[in-house]
């Protein structure tokens with residue numbers, strides 16, 4: 001799932017008192033078991049998705065708890081920390097039993113390292129998958145750490161196709177659903193629930209000079225280093241500025257690689273993110289794989305087309321030739337970047353089409369779709 005720059009907790013209007021007809025469908029108490037809370041500095045698209053689901057389900061009348069690792073921030077739903085970023089994997093079972101209590105549905109968010117919840121939780125379990133990390137293990141653990149990559153890959157595959165073999169699986173895109181099927185997960189157990197996007201509010205003007213934005217957590221598989229190399233070929237043709245929004249363990253190395261007219265902003269508040277996505281001529285997304293590519297939709301709703309690689313997830317969120325361009329290699333990425341920059345009319349039409357497509361994806365639809373799958377999972381367990 002693309003990475004997302006986290007923002008402070010949102011202030012919500014008071015909830016209206018619910019009528020009996022508004023009582024939740026399916027499980028009353030839903031627990032999400034995930035690695036991080038949205039307030040974690042390392043949070044990304046997966047954390048944003050869980051937050052929107054938890055918040056939306058709470059507004060529909062469900063009791064929702066997020067059991068996670070690391071710091072726990074105040075939300076309109078309950079957040080419980082089970083320990084550190086890695087230690088909480090071992091403590092999740094105890095924390096669920098003694099600090100959370102009974103639940104009607106446990107949602108295990110599988111992002112690489114599994115919790116193996118079906119092996120120790122006696123009750124309905126639903127597995128939420130952003131993307132399968134098949135090739136990312138080797139990218140993350142290269143060289144002397146290659147054995148760790150092989151172990152992680154096998155464990156993830158067994159957890160998804162083996163430990164979860166009796167449960168429903170939620171995939172965030174057709175690409176993720178296909179990857180699960182390739183592992184041996186029966187297609188009839190997979191439900192696709194797309195990410196949503198916020199209504200952006202009043203749109204700001206496009207920059208009068210070329211402005212290009214890349215946004216996400218600065219980690220290996222986002223391939224910002226590749227983008228910086230391509231910028232050296234593109235900049236003499238297009239001019240303008242390249243703005244990299246986000247933070248992560250790769251930031252210092254990337255800053256050393258950056259050439260002229262490149263700005264690293266780190267994390268930015270929602271207002272600045274909105275301004276940059278509105279002002280940008282093109283969103284650049286060189287990632288090797290995504291679950292969906294949430295920032296693509298966030299840019300699209302502001303009329304900004306994307307140039308990305310034709311990889312899982314991004315081929316779902318970018319309609320090639322309509323809302324952006326999907327490149328098959330580095331040279332075609334650079335060519336698409338230059339061509340779209342130099343063609344004002346094509347860029348305008350793609351931005352318009354991107355906004356129209358993004359209108360189909362809203363968080364309330366995502367929440368209602370997920371609610372239906374949660375009810376199906378709980379009902380299936382009861383049979």
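Give me the percent relative contact order of the stretch 211-358, please, defined on Cα pairs under 8 angstrom at least 6 residues apart. That works out to 24 percent. Taking a ≥ b ≥ c as the square roots of the eigenvalues of the alpha carbon gyration tensor, the stretch 211-358 is rounded, as a/c is under 1.5. One decimal place: the segment residue 205-residue 332 gains 42.9 nm when fully extended, by the rule 0.36 nm per residue minus the C-alpha distance. Here is the size of the chain from its Cα atoms: Rg then Dmax, 20.7, 65 Å. In plain terms, the chain from residue 178 to residue 98 could stretch by 25.1 nm, reckoned as 0.36 nm per residue minus the Cα-Cα distance.
Once label points are set 7 Å from the Cα along Cα→Cβ at both residue 372 and residue 192, what is their separation, rounded to one decimal in nm? Taking the simple label geometry, residue 372 and residue 192 are separated by 1.4 nm. Inter-label distance, residue 359 to residue 120: 4.9 nm, where each label sits 7 Å from its Cα along the C-beta direction.
When each of the peptides 224-231, 364-371, 45-52 is scored by the mean number of other C-beta atoms lying within 10 Å of its residues, the order from highest to lowest reads 45-52, 224-231, 364-371.
Cβ neighbours within 10 Å, averaged per peptide: list 89-102, 168-181 in order, most packed at the top.
Going from most to least packed, we get 168-181, 89-102.
Across the stretch 195-247, C-alpha contacts under 8 Å between residues 6 or more apart give a mean separation that, scaled by the residue count, equals a relative contact order of 54 percent. DSSP bridge analysis restricted to the stretch 211-358 gives an antiparallel fraction near 5%, rounded to the nearest 5. A simple spin-label model places pseudo-atoms 7 Å from Cα toward Cβ; at residue 42 and residue 86 they are separated by 0.9 nm.
Counting only C-alpha contacts under 8 Å and six or more residues apart, can you give the relative contact order of the chain as a whole percent?
17
In the chain, the DSSP beta bridges split such that about 5 percent are antiparallel, to the nearest 5.
Using r as the Cβ-Cβ distance of residue 379 and residue 265, and R0 as 51 Å, what FRET efficiency do you calculate, to the nearest 0.05? According to the calculation, E is roughly 0.65.
Where a number appears in this text, it was derived from the coordinates with a stated rule and is not lab data. Since the model is a prediction, treat every value here as computed from it, not as a measurement. Here Cβ is always computed from backbone atoms with ideal geometry, including for glycine, and neighbour counts include all displayed protein chains.
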